[in-house]
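Chemist: I'd like to ask some things about the structure below.
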Amino acid sequence: MDRDEKASLEAGAEPKAMDRSISNSVGEIRLGQTHQLERGLKSRHIQFLALGGAIGTGLFIGSGQILATVGPAPLFMAYLAMMVVVWVVMNVLAEMTTYLPMKGISIPYFVGRFVEPSLAFATGWNYWYAYAILLAAECTAGAIILQYWTHSVHVAVWIAIQLIVVLFLNIVAVSWFGEAEFWFASVKLITIIGLIILGIVLFFGGGPNHDPLYFKNWQSPPGAFVPYIGQGSWGRFLAFWTAFARAGFSFITSPELIALSAGETVAPRRNIPKAARRFVWRLAVFYGLGSLIIGILVPNDDDQLLGGESNASASPFVIGIQKAGIPVLNHIINAAILTSAWSAGNAFCFSGSRVLYSMALNGQAPKWFAITSKRGVPYVSVLFTVAIGALSFLNVSNTGAAAFGWFSNISTISGYIAWIVVMITYIRFHKAMKFHNMLDALPFRTPLQPYATYFMLFLITVLTLTNGFQVFVPSNWSATNFLASYITIPIFLALYLGHKIWFRTPLAIKVEDVDVITGKKEMDELAMMDETERPIPRNWLQKLWFWVA
């Protein structure tokens, strides 16, 4: 770094390296374009962005469907098991994005750089497809919740209002988006903490009925396990596996939210690892205790749990509150769950638009998706993602529970495919770093690698192929459910094979040819600048805020 550049850094400017472009076999990325994504997200923003996307209607509403199908024990076990999967996915993503947290870069870029272009192309569109469908699922859930209070307003009106709010929050500057998501997610976290405390109080008989719940719903028929399809041990295992597969909807793409926000994060090499470490443990507490409380509050055979004719009261938390005889609180919780759906939809719209933006920069999507506003917002990508989210209007002609089930199945299998690709990408990245003797250059390293990734790759592959196993039982056969469970697999393969045949790309980039150098110098310079500007806490109050934020 020369004297003039050092002086410019001291004056608050970005290093000159940030004004250069980087290019390799994947494409060229301009690091200092006039209209670029803005680094306006702080540590608290990205942590709450990930938590906001993860703690959503999957826990508040979708868990009721799992409870009704297989009972409380498989529900609790499934969420704990899925946390291990999320932990590994989060770790590998954090390692790669902390190493190269470049603006305008998303996961498909790493796939193309470390594996091969055709897989990156299919992965990018699969991610965007998953996020857009998740946005539709959250809007559908929001409509279900709003109908709890009145049926006099047409469901299409509620869906339109939600889409307009999501569009507004994603079109304004990214710092506005971060603050909105921070407060949305804050309400959500306060709600889940309050519900966990309420569950503990009711467990010991502290409610209006003064009747301790203990584990009565685990003991009374049909018991903690509801055998699924089979009988005995086999039926209980299938019950757990069904819950495990469906629990994925609550976590799908939540680890990626931190990775996708890396290019818009202040001091990414400091904040991404911090967010990754805290995210998994916080999620484990919320989902572990939350799923346990659900099984305590509500019997699995309650006819209000999510089914074909269910409405907002299908939330097991609301059912539990009503059974406990607590007035008014059910309305407060439903309002909080509504903000939860809005928050998750907000996060998914953000992520889908950033995937499109990154693909446009890499030449894997039309160039107009890379157009940004003066505030650094890729508004064309945002508009296109919201347009696909309008599939939530399918709720107009079908029950909300049915539409929600379709969207959750479709997005879950898309998410599993994405995780498989993430595992493959990390394995190639790790091999390339080891080949070039650069493992020590990683700013953030996680335990049990790469062995944990190999195991998780096998597990998620099996989970993907067996996600909809129940449709192959003659009595459960449904063409609609089959398509919802597996339609994403042929779509992904068609994208992958079509791109490979058209562009004649190699099967995989050789390990010795994998580029782990390009962009590293620029990111190192950015990290040095971030550290020099890092505030130093002086008193106990500043230290507390420094830890939280």
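The values are calculated or read from the model by the stated rules, or taken from the named source; none is laboratory data. Only a predicted model underlies this, so the values are computations on that prediction, with no experimental measurement involved. Cβ coordinates were reconstructed from backbone atoms using ideal geometry, including for glycine residues, and neighbour counts include every protein chain displayed.
Chemist: Among the residues of the range 456-468, how many are of a type in the set (A, V, I, L, M, F, W, C) and in contact (Cβ under 8 Å) with a residue 24 or more places away in the chain?
Modeler: 5
Chemist: Output yes when any residue across the range 398-421 is farther than 19 Å from Ile66 by Cα and without any contact (Cβ under 8 Å) to a residue 24 or more places away in the chain, and no when none is.
Modeler: yes
Chemist: Moving to a separate point now. Would you check if Ile164 is closer than 16 Å to Phe348 by Cα, β-branched (Val, Ile, Thr), surrounded by fewer than 19 Cβ atoms within 10 Å (Cβ to Cβ) and modelled with pLDDT of 75 or more?
Modeler: The answer is yes for Ile164.
Chemist: Met528: surrounded by 13 or more Cβ atoms within 10 Å (Cβ to Cβ), assigned to a helix (DSSP H, G or I) and modelled with pLDDT under 80, yes or no?
Modeler: Considered against the rule, which asks whether it is surrounded by 13 or more Cβ atoms within 10 Å (Cβ to Cβ), assigned to a helix (DSSP H, G or I) and modelled with pLDDT under 80, Met528 comes out as yes.
Chemist: Give Val70, Val115, Val85 a once-over and let me know the one that is within 30 Å of Glu522 (Cβ to Cβ) and β-branched (Val, Ile, Thr).
Modeler: Going through Val70, Val115, Val85 in turn, just one is within 30 Å of Glu522 (Cβ to Cβ) and β-branched (Val, Ile, Thr): Val115.
Chemist: So, one more: From the list Ile61, Ile66, Ile46, pick out the single residue that is farther than 27 Å from Phe121 by Cβ, among the aliphatic types (A, V, I, L, M), in a helix (DSSP H, G or I) and at pLDDT below 80.
Modeler: Ile61
Chemist: Something else now. Can you tell me which of (1) outside any helix (DSSP H, G or I); (2) modelled with pLDDT of 85 or more; (3) surrounded by 14 or more Cβ atoms within 10 Å (Cβ to Cβ) is the one Phe240 doesn't meet?
Modeler: (1)
Chemist: Additional query: Report yes if some residue within the range 344-360 is assigned to a loop (DSSP other than H, G, I, E, B), under 19 Å from Ala132 (Cβ atoms) and of a type in the set (A, V, I, L, M, F, W, C); otherwise report no.
Modeler: no
Chemist: With respect to Phe369, determine if the residue is of a type in the set (Phe, Trp, Tyr), in contact with a Leu (Cβ under 6 Å, 6 or more places away or on another chain) and more than 25 Å from Thr191 (Cβ to Cβ).
Modeler: yes
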